[in-house]
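Heads up, the thing below is written out as structure tokens.
The values are calculated or read from the model by the stated rules, or taken from the named source; none is laboratory data. All values reported here derive from a predicted model rather than from experimental measurement. Cβ: placed from backbone, ideal geometry, glycine included. Neighbour counts: every protein chain shown. All accessible areas refer to the heavy atoms of the entire protein, side chains included, with ligands and DNA or RNA removed. Shrake-Rupley method; radii C 1.70, N 1.55, O 1.52, S 1.80 Å.
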Amino acid sequence: MEYTVQKLGLLAGVSTRTLRYYDEIDLLKPARINSSGYRIYGQAEVDRLQQILFYRELGVNLEEIKEIMSSPAFDAEQALREHREKLLEKRAQLDRLIANVDLTLAQREGTKTMTDKQKFEGFKQQLIHDNEQQYGEEIRAKYGDERVERANRKIKEMSEEEYAQVEQLNEKLHATLKQAFASGDPGSELAQQSADLHRQWLSFYWDSYSKEAHAGVAQMYVNDPRFTAYYDKEQPGLAAFLRDAVVIYTQA
């Protein structure tokens, strides 16, 4: 079967504008352009689009999808198996949230009781899942499965008050870091206060603290573009500044 851009869009449930954009960025090129100037897609393109949409459903951005699928090592069958595994994880998370809603409704109706801790279990699991999706491979490679699993257990066992403290600490860290960055000196009092706040924030997730691990995480913020983008989204250079502040802090 061959499809025009309109027919493929209708088949896949995506807009023709999206398909044209995929063509422009070399993510999904048509098999050929016919004599009338129409994009024509064949079976290989249909299969590739299916893979793209699976990745999109799992939250992978287009740049990453292009990099993954352009790699000589890309294996379509293995990718499908990974999609299935991740979608099952996603379904399990949705089931947890649905169960949480059901129990909350039952509590309101007076037929069941629910602890405050139970009210947030599904959301904590979502936080763990999101972290694993974004950074799991790198973190596990750097620190090992056992340490990551211990950190995940700490998140699960975190009380509502502790969770609120983490959020407040994170906000204070970012506010202080921005102030310190304006000075341009990672050794300044504000910069070192930022490094200490970062240590406190990490300690909510780690079962033990070490200066070496702290400095390693800060370096990863610079090495990994995803972490860099998180810190640099409001102020370019913030990730490197935090790394420098942490290096001074951990060597002091």
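Considering the options 28, 72, 54, tell which one lies farthest towards the positive end of the dipole of region 1-78, charges being +1 on Lys and Arg and -1 on Asp and Glu at the Cβ, about the Cα centre.
Positive-end residue among those listed: 28.
In whole percent, how big is the carbon plus sulfur part of the accessible area of region 168-236, probe 1.4 Å, protein atoms only?
52
Taking the Cα atoms only, what angle lies between the long axis of helix 160-183 and the longest principal axis of the chain, rounded to 10 degrees?
90
What fraction of the Cα pairs in the chain, stated in percent, has a spacing above 25 angstrom?
Value for the chain (Cα pairs over 25 Å): 60 percent.
For region 141-198, what class follows from the C-alpha gyration tensor (a ≥ b ≥ c being the square roots of its eigenvalues): rounded when a/c is under 1.5, otherwise prolate if a/b is larger than b/c, else oblate?
Oblate.
Kindly rank 17-29, 236-248 from highest to lowest mean number of other beta carbons found within 10 Å of each residue.
Descending mean neighbour count gives 236-248, 17-29.
Can you compute the charge dipole magnitude of region 190-232 about its Cα centre, using +1 on each Lys and Arg Cβ and -1 on each Asp and Glu Cβ, nothing else charged? Give it in debye, rounded to the nearest 20.
Dipole about the Cα centre, nearest 20: 20 debye.
Which of 72, 186, 225 ends up with the largest GNM mean-square fluctuation for the chain, with Cα atoms connected below 10 Å?
Judging by the Gaussian network model, the answer is 72.
Using just the helices of the chain, give the 222 nm mean residue ellipticity in deg cm²/dmol: DSSP H runs with n ≥ 4 each add -39,500 (n - 2.57), and the total is spread over all residues, rounded to 500.
Here the helix-only value at 222 nm equals -24500 deg cm²/dmol.
Among 93, 225, 197, which residue has its Cα positioned farthest towards the positive end of the charge dipole of the chain, with +1 placed on the Cβ of Lys and Arg, -1 on the Cβ of Asp and Glu, and the dipole taken about the Cα centre?
93
Over 12 Å, how big is the tail of the calculated P(r) for region 28-67, in percent of all Cα pairs?
Within region 28-67, distances greater than 12 Å cover 61 percent of Cα pairs.
Rounded to the nearest 10 degrees, what's the angle between the helix 121-143 long axis and the longest principal axis of the chain, both from Cα atoms, 0 to 90?
Compared with the principal axis, the helix lies near 90 degrees.
Just the number please: accessible area per residue for the chain, 1.4 Å probe, all protein chains included, in Å².
Solvent-accessible surface per residue comes out at 61 Å².
For region 1-109, place one equal point scatterer on every Cα, skip the solvent, and apply the Debye formula. What is log10 of I(q)/I(0) at q = 0.11, 0.16, 0.17, 0.23 Å⁻¹?
Per q value, in the given order, log10 I(q)/I(0) is -0.47, -0.78, -0.84, -1.27.
So which of 178/211; 86/112; 172/233 end up more than 25 Å apart by C-alpha?
Beyond 25 Å: 86/112.
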